[in-house]
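Quick one: structure below, then a few questions.
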Amino acid sequence: MTVSIKTPEQIEKMRTAGRMAAETLEMITPYVKAGVSTGELNRICHDYIVKELDAIPAPLNYNGFPKSICTSINNVICHGIPDEERILKDGDIINIDVTVIKDGFHGDTSKMFTIGKPSVVATRLIHVAQESMYKAIRLVKPGVRLGDIGAVIQKYAEGERFSVVREYCGHGIGEVFHEEPQVLHYGKANTGLKLAQGMTFTIEPMINQGRRETRLLPDKWTVVTKDRKLSAQWEHTLVVTETGYEVLTLRSEENFGRTEAD
Ligand code: MF3
Ligand code: CO
Ligand code: CO
């Protein structure tokens with residue numbers, strides 16, 4: 001396995017791409033309301049990325065994916081395809097996953113949104129998924145191993161009586177959308193690759209309300225929970241620094257890792 005180490009110049013380009021992906025999530029937030037279709041959200045993000053950011057939406061035509069963002073609602077785990085016919089309604093939960101390419105480098109990030117008043121369990125699932133990602137991010141520094149990251153996510157999520165999706169994982173990222181290493185969201189502490197300064201990768205746990213098993217819909221993209229219960233996901237792109245980490249896709253609403261205790 002060869003994991004690329006980015007130069008300071010490459011990391012600066014990753015910073016720009018990461019910031020643009022985060023800005024796209026911030027831009028779309030006021031539109032994520034009951035009555036809007038996911039097709040419309042896709043169009044607004046596409047136009048913003050292309051026209052305002054002068055960047056490229058990485059999902060469009062990636063391995064044949066037909067749209068510019070992924071929109072995954074309720075029992076959809078990931079890779080949901082935006083659709084003019086799917087209108088958001090009160091109680092829905094939705095993940096919007098944005099990946100932009102700027103100056104040849106990728107920034108990849110996603111967040112959960114709630115429409116109107118979601119159920120108590122939906123709210124808790126979303127919180128646990130986000131907190132599992134934050135717990136993993138806070139571990140990141142040179143010498144820490146990938147198994148430590150997977151273990152902290154699995155231990156926390158399963159301790160909350162939720163389950164961790166196995167079939168999809170985080171990934172190295174740079175000039176290539178998905179590169180080595182694979183960043184599993186489950187595993188054993190003290191195993192796997194040791195992190196080193198200059199590595200760039202995503203952490204993007206998919207946490208299920210019920211069982212962890214997945215099913216792929218006939219469209220060959222949409223991944224759903226086998227038991228049809230809810231799933232939640234959050235994603236950040238980060239770089240390993242000399243002493244820890246830098247989150248390249250941080251939004252202004254976030255303040256973890258600085259003021260908050262573990
Ligand atoms: N953004 C997703 C990820 O986090 C990948 C989407 S691939 C697509 O890795 F083709 F579905 F867009
Ligand atoms: Co990703
Ligand atoms: Co993504």
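Against the condition free of Cβ contacts under 8 Å to residues at least 60 places away in the same chain and within 16 Å of ligand 3 (Cβ to nearest atom), how does residue 110 come out, does it pass?
no
Among the residues of the stretch 82-105, which ones are within 16 Å of ligand 2 (Cβ to nearest atom) and either in contact with a strand residue (DSSP E or B) (Cβ under 6 Å, 6 or more places away or on another chain) or within 21 Å of residue 207 (Cβ to Cβ) (or both)?
95, 96, 97, 98, 99, 100, 101
A follow-up question, please. For the subset of the stretch 202-216 comprising residues that are open to solvent by less than 50 Å² (accessible area, probe 1.4 Å) and part of a loop (DSSP other than H, G, I, E, B), which member is nearest to residue 242 (Cα to Cα)?
204
Of all residues in the stretch 155-180, how many are within 16 Å of ligand 3 (Cβ to nearest atom) and out of contact with any Lys or Arg (no Cβ under 7 Å at 6 or more places or on another chain)?
11
Within the stretch 31-52, which residues are buried (at least 20 other Cβ atoms within 10 Å of the Cβ) and more than 18 Å from the chain's Cα centre (by Cα)?
Answer for the stretch 31-52, where residues must be buried (at least 20 other Cβ atoms within 10 Å of the Cβ) and more than 18 Å from the chain's Cα centre (by Cα): just 48.
Within the stretch 87-100, which residues are crowded, with 18+ Cβ neighbours inside 10 Å and part of a loop (DSSP other than H, G, I, E, B)?
Selection gives 88, 92.
Answer yes or no: is there a residue in the stretch 158-170 that is open to solvent by 20 Å² or more (accessible area, probe 1.4 Å), modelled with pLDDT of 95 or more and part of a helix (DSSP H, G or I).
yes
Follow-up question, since we're still on this one. Can you run down the residue pairs with Cβ atoms below 8 Å, 6 or more apart or on separate chains, where the first is in the stretch 47-61 and closer than 12 Å to residue 24 by Cα and the partner is within 16 Å of ligand 3 (Cβ to nearest atom) and in a loop (DSSP other than H, G, I, E, B)?
Taking only residues 6 or more apart or on different chains, the pairs are 49/55; 49/68; 57/68; 57/69.
When you look at residue 151, is it aliphatic (A, V, I, L, M), within 16 Å of ligand 3 (Cβ to nearest atom), open to solvent by less than 30 Å² (accessible area, probe 1.4 Å) and at pLDDT 95 or above, yes or no?
Considered against the rule, which asks whether it is aliphatic (A, V, I, L, M), within 16 Å of ligand 3 (Cβ to nearest atom), open to solvent by less than 30 Å² (accessible area, probe 1.4 Å) and at pLDDT 95 or above, residue 151 comes out as no.
Sticking with this one: In the set 242, 254, which member is modelled with pLDDT of 95 or more, part of a loop (DSSP other than H, G, I, E, B) and closer than 21 Å to residue 171 by Cα?
Just one listed residue meets the conditions, 242.
Do we have any residue at all in the stretch 55-78 that's more than 25 Å from residue 244 (Cβ to Cβ), within 16 Å of ligand 2 (Cβ to nearest atom) and assigned to a helix (DSSP H, G or I)?
Yes, the conditions are met somewhere in the stretch 55-78.
Next up: Name every residue in the stretch 195-213 that is within 16 Å of ligand 2 (Cβ to nearest atom) and polar (S, T, N, Q), in order of residue number.
Passing the criteria: 200, 202.
Restricting attention to the stretch 126-142, and to residues there that are in a loop (DSSP other than H, G, I, E, B) and open to solvent by 40 Å² or more (accessible area, probe 1.4 Å), which single residue is farthest from residue 26 (Cα to Cα)?
It comes out as 142.
Give just the number: which of (1) open to solvent by 50 Å² or more (accessible area, probe 1.4 Å); (2) more than 30 Å from residue 211 (Cβ to Cβ); (3) hydroxyl-bearing (Ser, Thr, Tyr) does residue 68 not satisfy?
The number of the failed condition is (1).
Restricting to the stretch 101-125, and then to whatever is farther than 20 Å from residue 162 by Cα and not in a strand (DSSP E or B), can you tell me which residue is least open to solvent (accessible area, probe 1.4 Å)?
115
Checking the conditions here, which among 192, 170 is in contact with a Leu (Cβ under 9 Å, 6 or more places away or on another chain) and within 13 Å of ligand 2 (Cβ to nearest atom)?
Only one candidate qualifies: 170.
Examine the stretch 181-201 for a residue that is open to solvent by less than 20 Å² (accessible area, probe 1.4 Å), under 21 Å from residue 24 (Cα atoms) and part of a strand (DSSP E or B), and state whether such a residue exists.
Yes, the stretch 181-201 contains at least one residue that is open to solvent by less than 20 Å² (accessible area, probe 1.4 Å), under 21 Å from residue 24 (Cα atoms) and part of a strand (DSSP E or B).
The values are calculated or read from the model by the stated rules, or taken from the named source; none is laboratory data. Model, not experiment: these values are computed from the prediction. Methodologically, a virtual Cβ is constructed for each residue, glycine included, from the backbone with ideal geometry; neighbour enumeration extends over all protein chains shown. Accessible surface is based on the protein model in full, side chains and every heavy atom, while ligands, DNA and RNA are left aside. Shrake-Rupley method; radii C 1.70, N 1.55, O 1.52, S 1.80 Å.
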